[in-house]
Every structure is written in C-alpha cells, then in structure tokens.
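**Student:** Pasting in a structure now, in structure tokens, and then I'll have a few things to ask.
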Amino acid sequence: MGDSVQKVVAALKDADCFLLSTHINPDGDGIGSMLALSWALKKMGKRHVMVIDDKVPEMFSYLDGYQDILPYAEGMLLPFSPRCLVALDVSNIERMKRVTSLLAEGGQIINIDHHLSNSNFGDINLVDIKASSCAEVVFNIITGFGFDLDMSTAEAIYTGIAIDTGRFRFAGTTASCMRITGDLIDAGARISLIADRLFYDNSLETIKALSEVLGTASLYLDGQLVVSSLGNDFYEKNDKEKIDTEGFVNYPLTIKGVKVSLLLQEAVKGVVRGSLRSKDDSIDVNDVARIFGGGGHAKAAGFVVNEERLDAVKAKVIDAVKAAL
Ligand code: 5GP
Ligand code: MN
C-alpha cells in the first residue's frame, strides 16, 4: 500500500499548480479518476491542468470537465509551471510518456493507483491493490477532504468503478466498492445514461472487429489457453478511428475449460499490443505480461511489443503461458 490516504490528502492540501495525468490508451478508470480529483481541486481553489499523451476518447464526453483534458503537444503552453504531477491509474512512469516532461524541475510526483505491478515511482505512493479501481482510491481521498459528493464527481468515479469491475463482476467488486457505488447513486450519478454511453454506443466497425476477433479464436495447451487476434490488414481495410476493442478479450475467456485468454492486435504495423485475462487463481497474467515488458493485475494485464510480427509474438506468449500454468 505504501503511503496512506491521509498523507496524500495533506500533500494535496499543501501544494498548488497540479498536473493530473493518466496512462496512454486511457480507459474509464484513468479518465474518471482524473476528472474526479480535478473537481475536488477546483473546490479548494487549486490551479490544475489535465494532460494525457494520447487522444482523449470521445466516449467519455458525457463527463463534466471532459473538454478540459488536453492531449499532449510538443511545446504546449500551460497557464503555470506544474509543481506537482498526480499520476492516476498509472502502473509505471513510462505509461505517461511525454507528460512527465511538463513537470517543473524538482517538482513532486504523487502516484495514486491500484495496479499490482505498480513500480512506486512517485515521491508519494498510494497504491491500493485491493481497490476495485483507481477511482475507488480517489473516492477515499475526496472523502478525506470532507467534501460532499456532487453529481459531476460521482459520475466520474462511477465510470472508473463500472469499467474496472467489468460492470460489477470481477473480484474487486467488494461490499465496500458497492457501498461506495450506493453513495455515488445517492449523489446523483445517472447510471443508466452512463451504461448507454459506455456499453451501447458501438460503431458498426467495432462490431465487425468483434466478429473478426471471435472468428480467429483458437485453443492451445489442452484447451487452457485461447488466442485471438486482430491483424494489421483488418485495421488497414477499416476506419481505425472507429474501432474500439475494449473488452473483446473477455469473450473467448468464457469458453469452458479455458483459464487464459490472449488477444493480439496490430493497429499500427510492427506494433503488437497484447491483452491477457485469467479466470483461474492459479495463473497470474501480470507475471506473463512482465516478460514482454508490460504489467497490470493478476487477472488482467497487457503489454506492447515493437518490431515483431504478430505470429512471432503469439508463439512466444503461448510458451510463456505454458511455463506459467
Ligand atoms: P488491457 O488488456 O485492457 O489493455 O489492459 C489490462 C490491464 O493491463 C490494465 O490494467 C492496464 O493498465 C494494464 N496494461 C495494459 N497494457 C500495459 C502495458 O503495456 N504496460 C503495463 N505496465 N500495463 C499494461
Ligand atoms: Mn484502473
């Protein structure tokens, strides 16, 4: 766990001129955590900016404050020189890419996360691996400030929890996570609208990509591993921008007898992104992802390999899973 919620609360109260960020390929937990904390900082009259080294996914545009998130740009001008970088849902510092270059010399890093693989790269590290999501950790910080929850904050936190618990199904869905969720609904979170935006807003390209992925599913290691893929040819033939593969890796995992699901994608030629999921306590996919320079959680992890063919990566990951089983 490292540092306490109280220590983070005190550090945030003490400092000013914050830079909030999350990992590349940002998901609902990273974006929701950032926005929730930004509302709290705003209430305290603290100057802050939100910057990510990626596009800001349009699917989160229903969240208040979404339009204030800036994509990193070379030479970008900020209204102040950030003295404190708050990393949210970031397992290692490299996952923020160039955002770290915006922090003033000698500035402080506060690392708020829930990844098992977190490298404790901050000056202050609040890493709660039992939390369902980074958003749940942010909820505890905001409670520590003593603020009442408002609807904007509640919806940002709800988004993080809903995404990272796989819609309240994964092991992180504890009683305390559900109690927090109750508080968020009491505070006005529009859960039905959020579900529509997160899960019922797919493009036709995404559904066709799902069909492609499911069509490639094959079993290995006596049916304990399922591998599927979305190759570069599919991405080239379709509008890349409209394809969102979040959650696809979970479908093949539902096959009876399967313990691990691997999805490999090559959206950019020569860059292979792997997603791993486990449904068996005996296999920790974070360990497997680490072999390929990635990380994550015991049951959900990922990695990126450059300059290798998808089939070559596939053969290596199959070997790594075989060794881990
Ligand atoms: P996904 O498969 O959905 O991309 O990621 C699953 C989990 O693994 C997430 O918690 C994510 O943060 C983590 N993850 C994905 N890709 C990487 C990576 O390249 N490096 C690290 N350290 N973690 C990753
Ligand atoms: Mn997360």
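**Student:** Hey, any hits in region 140-157 for a residue that's closer than 17 Å to Ser91 by Cα, assigned by TED's automatic domain parsing to the domain that holds Asn92 and surrounded by 18 or more Cβ atoms within 10 Å (Cβ to Cβ)?
**Tutor:** No - not one qualifying residue is present in region 140-157.
**Student:** Could I ask something else about it? Can Thr181 be described as in a loop (DSSP other than H, G, I, E, B), under 22 Å from the mean Cα position of the chain (by Cα) and β-branched (Val, Ile, Thr)?
**Tutor:** No.
**Student:** Here's something else I'd like to know. Determine whether region 60-83 contains at least one residue that is within 16 Å of ligand 1 (Cβ to nearest atom), modelled with pLDDT of 95 or more and within 21 Å of Ala156 (Cα to Cα).
**Tutor:** Checking region 60-83: at least one residue is within 16 Å of ligand 1 (Cβ to nearest atom), modelled with pLDDT of 95 or more and within 21 Å of Ala156 (Cα to Cα).
**Student:** What single numbered condition from (1) touching a residue at least 12 places away in the same chain (Cβ under 8 Å); (2) farther than 20 Å from Ala40 by Cβ fails to hold for Asn111?
**Tutor:** (2)
Rundown of residues vs (1) more than 16 Å from ligand 2 (Cβ to nearest atom); (2) among the small types (Gly, Ala, Ser); (3) in a strand (DSSP E or B), yes/no style:
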residue	(1), (2), (3)
Val8	yes, no, no
Leu19	yes, no, yes
Lys46	yes, no, no
Asp64	yes, no, no
Val86	no, no, yes
Lys97	yes, no, no
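**Student:** I need a count of the residues in region 225-241 that are surrounded by fewer than 17 Cβ atoms within 10 Å (Cβ to Cβ) and within 11 Å of Glu205 (Cβ to Cβ).
**Tutor:** Result for region 225-241: 4.
**Student:** Only one of Asn306, Asn250 is surrounded by fewer than 21 Cβ atoms within 10 Å (Cβ to Cβ), under 26 Å from Asn118 (Cα atoms), without any contact (Cβ under 8 Å) to a residue 40 or more places away in the chain and within 12 Å of ligand 1 (Cβ to nearest atom). Can you tell me which?
**Tutor:** Result: Asn306 is the single residue among Asn306, Asn250 that is surrounded by fewer than 21 Cβ atoms within 10 Å (Cβ to Cβ), under 26 Å from Asn118 (Cα atoms), without any contact (Cβ under 8 Å) to a residue 40 or more places away in the chain and within 12 Å of ligand 1 (Cβ to nearest atom).
**Student:** Keeping to region 108-149, report how many residues are under 16 Å from Ser33 (Cα atoms), part of a loop (DSSP other than H, G, I, E, B), within 11 Å of ligand 1 (Cβ to nearest atom) and not hydroxyl-bearing (Ser, Thr, Tyr).
**Tutor:** Residues that pass the stated criteria total 2.
**Student:** Among the residues of region 49-68, is there at least one that is in contact with a strand residue (DSSP E or B) (Cβ under 7 Å, 6 or more places away or on another chain) and hydroxyl-bearing (Ser, Thr, Tyr)?
**Tutor:** no
**Student:** Considering only residues that are hydroxyl-bearing (Ser, Thr, Tyr) and surrounded by 24 or more Cβ atoms within 10 Å (Cβ to Cβ), which ones fall in region 79-125?
**Tutor:** Hit for region 79-125 is Ser91, nothing else.
The values are calculated or read from the model by the stated rules, or taken from the named source; none is laboratory data. Quick caveat: nothing in here was measured; it's all calculated off a predicted structure. Because the Cβ atoms are built from the backbone with ideal geometry, glycine has one as well, and the counts that use them run over all protein chains shown.
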